[in-house]
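The values are calculated or read from the model by the stated rules, or taken from the named source; none is laboratory data. Quick caveat, the model's predicted, so the values are computed rather than measured. Glycine also receives a Cβ, built like all others from the backbone with ideal geometry; neighbour counts cover every protein chain displayed.
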Amino acid sequence: MGMYNIYHVTKFTIKEAFARRIILVFAGVSTFSLVILALLLFSTDAMDLVGAFDMKTRVDGQLVDVKTELATGIKALFTIPLYGIGLFLSIFAVSGFIPSLLEKGNIDLFLSKPIARAELILGKFFGGTAVVFLNIFYIVVGIWVLLGLGLNVWSADFLLVSFTITFTFMVLYTLIILVGILTRSSILAMMLSYLFFFVLSPILESRGSFSQFLGETWNMVIEILYYIIPQTTELGRISLELATGTTPESLLPLLYNSIILILTISSSIIIFNKKDF
Amino acid sequence: MNAIEVKSLRKVYSSGIRQKEVVALQSLDLTVDPGVIYGLLGPNGAGKTTLIKILLGITHKTLGEANILGEDISNYQIRKKVGYLAENHKYPPFMKGEEILHFFAQLGGYDKPDLDQRINDLLKLVDMEKWRKTKLKNYSKGMLQRIGLAQALVNDPELVFLDEPTDGVDPLGRKEIRDIIKRMKDDGKTVFLNSHLLSEVELICDRVAVLNKGELITEGTVGELTSDNDEYKITLDSPLEEEFKQKATGSFAGLKCNRTKIIFSTKDSSELNSLIDLIRREEKQIMEITKQKRTLEDSFLEIITGKEGKNGDV
């Protein structure tokens, strides 16, 4: 019964996401970006230019393929906005899922069915994740195929970017779920996610650059915050490293964020289980 | 096996920073036999919806025991056999009528192969066949209520909770819903009905319970609740003098007078005859004597306020 219920709520959530249109906007922006890239790569002038690049050059004393370098640049060029704008739109799209579920008259319907509350939350989580993954996978595979056809660069590492970006989304989504359950406010859930993603995580990631100006206590507080707040900037760096074919400097952020994800979704389920509606 | 069995059920809500406590249900005992239409009455804030929500796992109990269909309510699997039409329900507006039935049937654990046929039958039953492909956001309040009723029945439940089922439905629709509820009973289902429309409850319920401030005030058949006393209205041709009023009210309990009318509530017809004798002795002309039918609403108001119902206001 458990997996069956989660599957149905996941399917329902995907339907809900498409009804909200923002996911379609995301897909539209992705398609537009792919069309632009295709026009650049396959227009006659550009192909001539690519032909001119069909040579090797020396970078830092090493012989490298110019086409590979061009493809790497394009991948980086797409990964950075995909990470920023893609996650921005994704957070916007899913922030209302939990508050709308908890609306009076709606939650009663779900809870009156033979479904455990944990299954309901997990269904919402997987549904939101599936929609975002499909969108991100679509644009990443699109770029990969276009670069492969246009420049004959078929580096599969780039495909992993869709997983790291989706994983970043999953961490933030657990936070949205927790705040949604606690406050029933989509605005607050969205604003907090943006605060963590765009402000706190980048500041904490660069804490080394300003720690010398702070006292011991403040540095300790910042260090604690660094480990309890989603390290999304580090995940962004790993995505970029994968996009550019560089071996990631450290995979520890994946571990830390996995722990944060599990703790946050578990807390959400425990709190949701205790709530009266 | 009882359809519903509640023992010493208590619910206390805590709200605000100071955790101010509000008692919604105080040590409630209630038993509902299977196969009946059971009405739950009470003023706003009496604890009716809280009781339903506890039984369905939407709200947690504070103390006490609650079973439905012989199982403790903590076993959520028992809700496979339960249907629910919520008050002020809010269905996903992006889904179509038939989609919502499919979705909640699957979520309700209905796994028989005849689901499509069952949905067709239910849409026909609630007269929503031609709107099956329309999104719920385009439905009127009455249409939502009809599709909500179909949703409550889609998993072929043994026990159905209906919270204000005729809310927003026109008189013809209300009659149709009443017929559907009666048919549920004929099919052996137990219906637990919460409605403000006392005339409706009176028409279809086998038993009724009255809740007030979280307490069970009374419980019984509609007949038991409405047949305490017969009430008679005696209309006279001339105004009553103060002296007569005092004499009459002093001699007969349950008597009220205004200018030309006397309202007398009694079980005993000999008392009525004695009153008529008194009126005749005073040489007053009786224009009319009518027996007032005591409604569930009269009984309800009397129970809740401890006073006479509307027919007593002369």
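Numbers below:
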{"quantity": "Any chance A:F12 is under 25 Å from B:G108 (Cα atoms), modelled with pLDDT of 90 or more and not hydroxyl-bearing (S, T, Y)", "calculated": "yes"}
{"quantity": "Among residues of segment B:3-41, those that are of a type in the set (S, T, N, Q) and at positive phi, counted", "calculated": "3"}
{"quantity": "Strands (runs of 3 or more DSSP E) fully within segment B:35-144 counting 1 or more residues that are surrounded by fewer than 20 Cβ atoms within 10 Å (Cβ to Cβ)", "calculated": "B:63-68"}
{"quantity": "Matching residues in segment A:105-158 - criterion: being within 14 Å of chain B (Cβ to nearest Cβ) and either within 15 Å of A:T79 (Cα to Cα) or outside any helix (DSSP H, G or I) (or both)", "calculated": "A:G105, A:N106, A:S112, A:K113, A:P114, A:I115, A:A116"}
{"quantity": "Considering residues of segment B:146-163 that are more than 10 Å from every other protein chain (Cβ to nearest Cβ), among the charged types (D, E, K, R) and in contact with a Lys or Arg (Cβ under 9 Å, 6 or more places away or on another chain) only, the residue farthest from B:G97 (Cα to Cα)", "calculated": "B:E158"}
{"quantity": "Members of segment A:3-18 found to be at the interface with chain B (Cβ under 8 Å from one of its Cβ atoms) and polar (S, T, N, Q), listed by number", "calculated": "A:N5"}
{"quantity": "Residue among B:E297, B:E231 that alone is surrounded by 15 or more Cβ atoms within 10 Å (Cβ to Cβ), modelled with pLDDT under 85 and in a strand (DSSP E or B)", "calculated": "B:E231"}
{"quantity": "Members of segment B:63-101 that are more than 10 Å from every other protein chain (Cβ to nearest Cβ) and either polar (S, T, N, Q) or under 18 Å from B:I147 (Cβ atoms) (or both)", "calculated": "B:N67, B:S74, B:K96, B:G97, B:E98, B:L101"}
{"quantity": "Matching entry among A:E119, A:E69 (being more than 20 Å from A:R20 (Cβ to Cβ) and at pLDDT 95 or above)", "calculated": "A:E119"}
{"quantity": "Candidate set: segment A:103-127, residues that are farther than 21 Å from A:L175 by Cβ and among the basic types (K, R); chosen: the one surrounded by the fewest Cβ atoms within 10 Å (Cβ to Cβ)", "calculated": "A:K104"}
